[in-house]
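The values are calculated or read from the model by the stated rules, or taken from the named source; none is laboratory data. Fair warning: this is a prediction, and the values are worked out from it, not measured in the lab. Heads up, the Cβs are rebuilt from the backbone with ideal geometry, glycines too, and the neighbour counts pull from every protein chain shown. To get the accessible areas, we keep the full protein, side chains included, count just its heavy atoms, and leave off ligands, DNA and RNA. Shrake-Rupley method; radii C 1.70, N 1.55, O 1.52, S 1.80 Å.
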Amino acid sequence: MLLKKYKSVSSTNIIAKKMDYEPWTVIWSEEQTLGHGQKTNSWFSPKGGLYFSVILPKSTIEDLQTLTILASFIVAKIIKENFKIEPFIKLPNDIFINQKKIGGILTENIIGEDVKFSIMGIGLDTNIEKFPKELENIATSLKIEVGKKIDNEKILKQIVQGIKNQLKIISE
Amino acid sequence: MKLNINIKGKKRIIEIKEEIGKVIIKIGKKEFSFKKLNNKKGDISVAQTNIPKKASKKEIKAPIAGTITKIFIKEKQTFKKNQKIVSLSAMKMENEIISDFQGTIKEILVKEDQKVQEGDILVTLE
């Protein structure tokens with residue numbers, strides 16, 4: 001895994017798409033100024049949260065679709081194992097705790113005659129202490145829920161390893 | 001001239017037209033044009049037909065079922081290799097459909113927010 005860390009980027013998915021194709025490169029930023037979910041949905045991405053994109057190896061579109069769905073389970077499992085709390089998955093790609101959103105996954109592919117480039121972007125509210133008024137009833141963070149500081153790098157590495165293992169299983 | 005022929009149990013109507021310098025053979029909706037050679041009346045050169053060698057260069061299809069989220073090109077617009085054609089959202093994946101070759105857009109067959117099935121033709125090319 002090649003980890004490229006940034007202080008601030010527009011969006012880790014945008015940066016990843018401009019990179020040379022090197023599978024398992026991870027683009028990690030402390031904040032995103034244009035963090036986004038699907039379509040035009042924005043993703044609140046201040047300092048403290050965990051925002052990263054993984055350049056995936058070339059796979060079939062079917063495997064990528066399966067992997068996107070499984071990524072929610074990987075993130076939820078890691079939260080459960082590390083913090084002994086019960087996350088809830090809203091299929092296919094949102095993770096909730098106590099009915100509030102805590103994480104999301106967005107896979108982006110570039111497709112010609114076959115899949116040319118795939119990235120999986122993951123946003124997880126880890127050390128965010130306060131949300132703006134319009135989000136405070138619908139979003140939460142791990143720090144708010146468990147009351148302690150989260151090691152972002154440790155969680156990132158566990159998630160990437162989980163994705164790696166899962167992709168190996170589904171593409172076999 | 002119209003001919004009724006039987007191909008593998010299916011009836012086909014083949015229409016043959018002669019125009020100045022060429023012969024056009026129409027089978028169903030497909031049209032093939034053959035250039036006439038000057039040396040002998042009625043001879044045609046198969047090597048100079050416009051039969052498409054690869055169907056994929058005449059159209060771009062949806063690789064997966066989903067919803068068209070953005071169209072980046074216009075009809076009659078030329079495009080380069082690797083240029084973005086449409087964006088297709090499918091099961092929380094955003095897919096940029098790009099061209100593998102250069103060409104010109106003939107017709108755009110989809111609209112933004114339209115649902116498509118895998119294999120649906122999105123645009124035809126000239």
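Just from the alpha-carbon atoms, what are the Rg and Dmax of the protein assembly as shown in angstroms?
In Å, with Rg to one decimal and Dmax whole: 25.8, 91.
Tell me, how many Å apart are the Cα centres for the stretch B:101-126 and for the stretch A:121-151?
For the stretch B:101-126 versus the stretch A:121-151, the Cα centre distance is 41 Å.
When only the heavy atoms of the protein chains count and the probe is 1.4 Å, how do B:Asp113, B:Asp120, B:Asp100 rank by accessible area, highest first? Walk me through the numbers on the way to the answer.
Working: B:Asp113 115, B:Asp120 60, B:Asp100 35 Å².
The ranking, largest first, comes out as B:Asp113, B:Asp120, B:Asp100.
How much accessible area per residue does the protein assembly as shown have, counting only protein heavy atoms and a probe of 1.4 Å, in square angstrom? The partial results should precede the final answer.
Details: 17150 Å² over 298 residues.
Per residue, the protein assembly as shown has an accessible area of 58 Å².
Please give the FRET efficiency for A:Asp20 paired with B:Ile14, using the beta carbon to beta carbon distance and R0 = 45 Å, rounded to the nearest 0.05. Let's see the in-between values first.
Details: r = 52 Å, r/R0 = 1.16.
Plugging the Cβ-Cβ distance into 1/(1 + (r/R0)^6) gives 0.30.
Can you tell me what share of the DSSP beta bridges in the stretch A:1-160 is antiparallel? A percent to the nearest 5 is fine. Each step should come with its number before you reach the end.
On the way: 28 of 36 bridges.
Bridges in the stretch A:1-160 that DSSP calls antiparallel: roughly 80 percent.
How many percent of DSSP beta bridges within the protein assembly as shown run antiparallel, rounded to 5?
Values: 68 of 81 bridges.
Restricted to the protein assembly as shown, the bridges split so that about 85 percent are antiparallel.
Could you order A:Phe131, B:Phe72, A:Phe73 by accessible surface area, starting with the largest, using a probe radius of 1.4 Å? Kindly include the intermediate steps, with their values, before the conclusion.
Values: A:Phe131 15, B:Phe72 70, A:Phe73 100 Å².
From most exposed to least exposed: A:Phe73, B:Phe72, A:Phe131.
To the nearest 500 deg cm²/dmol, what mean residue ellipticity at 222 nm is calculated for the protein assembly as shown from DSSP H runs of n ≥ 4 alone, each contributing -39,500 (n - 2.57), summed and divided by the residues? Working shown, then result.
Numbers: 4 runs with 55 residues, N = 298.
Value at 222 nm, helices only: -6000 deg cm²/dmol.
Just counting partner chain Cβ atoms within 10 Å, what average do the residues of peptide B:85-93 show around their Cβ? Don't jump to the answer; show the numbers that get you there.
Working: counts 2, 0, 2, 2, 2, 6, 9, 15, 16.
For this peptide, the per-residue mean of nearby foreign Cβ atoms is 6.
Excluding A:Glu30 itself, calculate the net charge of residues whose Cβ lies under 10 Å from the Cβ of A:Glu30, where each Lys or Arg counts +1 and each Asp or Glu counts -1. Numbers along the way, then the final one.
Details: positive: A:Lys5, A:Lys7, A:Lys47; negative: A:Glu31.
Net local charge, A:Glu30 excluded: +2.
Provide the solvent-accessible area of A:Ile144, counting protein heavy atoms only and rolling a 1.4 Å probe, rounded to the nearest 10 Å².
80 Å²
Pop the C-beta distance of B:Ile27 and B:Lys70 into the FRET formula with R0 = 30 Å and round what comes out to the nearest 0.05.
Working: r = 37 Å, r/R0 = 1.22.
E(calc), rounded to 0.05, equals 0.25.
What FRET efficiency would be calculated for the residue pair B:Lys57, A:Lys84, taking the C-beta separation as r and a Förster radius of 41 Å, to the nearest 0.05? Working shown, then result.
Numbers: r = 57 Å, r/R0 = 1.38.
After rounding, the FRET efficiency stands at 0.15.
Which whole-number percent gives the relative contact order of chain A, counting Cα pairs below 8 Å spaced six or more residues apart? Could the numbers behind the result be given before it?
Working: 333 pairs, mean separation 35.5, N = 172.
The normalised contact order for chain A reaches 21 percent.
Compute the distance in nm between two label points, each set 7 Å from the Cα along the Cα-to-Cβ direction, one at B:Lys80 and one at A:Lys148.
In this crude spin-label approximation the distance works out to 5.4 nm.
So, in nm, how far is label A:Glu136 from label B:Asp100 when the simple model puts each one 7 Å beyond its Cα toward the Cβ?
It is 5.4 nm.
So for B:Met1, A:Met1, what's the accessible-area order with a 1.4 Å probe, most first?
Details: B:Met1 140, A:Met1 95 Å².
Putting B:Met1, A:Met1 in descending order of accessible area: B:Met1, A:Met1.
So if I place +1 on the C-beta of Lys and Arg and -1 on the C-beta of Asp and Glu, and nothing else carries charge, what would the dipole magnitude of the stretch A:128-172 be about its Cα centre? I want it in debye, nearest 20.
180 debye
Taking the alpha-carbon distance from A:Lys143 and a cut-off under 13 Å, which aspartates and glutamates remain once sequence neighbours fewer than 8 residues away in the same chain are dropped?
Partners found: A:Asp125, A:Glu129, A:Asp151.
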